[in-house]
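The values are calculated or read from the model by the stated rules, or taken from the named source; none is laboratory data. Since the model is a prediction, treat every value here as computed from it, not as a measurement. Neighbour counts run over all protein chains shown; Cβ positions are idealised from the backbone, glycine included.
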Amino acid sequence: MNKVDRYKILVRHLKDLGVVQSQKELGRLLGYSNESYFSQIINGQVDEPKDFMEKLKKLVPDINPDWIQTGEGEMTGTTPPLVHQHTQNGDNINGTHVEVKSDSGKLLDVILQQSAQLTVSQQQLSKSQEQIDRLISIIEKK
């Protein structure tokens, strides 16, 4: 499987989770207003910008960059819960400074990012429960 295939799997995964409704929306959430350019990135027609993976990690904190780059490991990993702290220098989430702006579009983006992280976590929990159920089934058969 090549990188283009992995991007397509990721987009489909995010659509299935309800994080985005389309590849176009994913591009917009990552900050790409030019739909064609974002499509060219995803389809391997142009090189990824240097900050592409950083933007993707901000939107989908659970994504495994190694899986995207090389196909090794799982698509998603375990993300620790958000830790919100108010310090003298401002708000921080998981040690990252968060700048609060009155722009409702920025607020919506933050909410969508948190929703994406919650959805990925819920999916992981569901997978874990399926594995537990399979193990119990195996044990009961013996």
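Data for the structure
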| quantity | calculated |
| --- | --- |
| Whichever residue in the stretch 59-86 is among the β-branched types (Val, Ile, Thr) and farther than 15 Å from Leu125 by Cβ and, among such residues, is modelled with the lowest pLDDT | Val83 |
| Residues that are closer than 20 Å to Val110 by Cβ and assigned to a helix (DSSP H, G or I), drawn from the stretch 1-23 | Leu14, Leu17 |
| Residue within the stretch 120-141 that is among the β-branched types (Val, Ile, Thr), at pLDDT below 70 and over 30 Å from Tyr32 (Cα atoms) present | no |
| Ser102 vs. criteria loosely packed, with under 11 Cβ neighbours inside 10 Å, farther than 16 Å from Leu59 by Cα and at pLDDT 60 or above | no |
| Residue check, Lys50 within 27 Å of Gln122 (Cα to Cα), surrounded by fewer than 18 Cβ atoms within 10 Å (Cβ to Cβ), more than 14 Å from the chain's Cα centre (by Cα) and among the basic types (Lys, Arg) | no |
| Residue, surrounded by the fewest Cβ atoms within 10 Å (Cβ to Cβ), within the stretch 21-47, restricted to residues that are aliphatic (A, V, I, L, M) and under 16 Å from Ser115 (Cα atoms) | Leu30 |
| Pairs, first in contact (Cβ under 8 Å) with a residue 24 or more places away in the chain in the stretch 47-59, second in a loop (DSSP other than H, G, I, E, B) and of a type in the set (A, V, I, L, M, F, W, C), C-beta under 8 Å, six or more apart | Lys55/Leu30; Leu56/Leu30; Leu59/Leu30 |
| Total residues in the stretch 1-17, condition buried (at least 16 other Cβ atoms within 10 Å of the Cβ), within 16 Å of Met53 (Cα to Cα) and of a type in the set (A, V, I, L, M) | 3 |
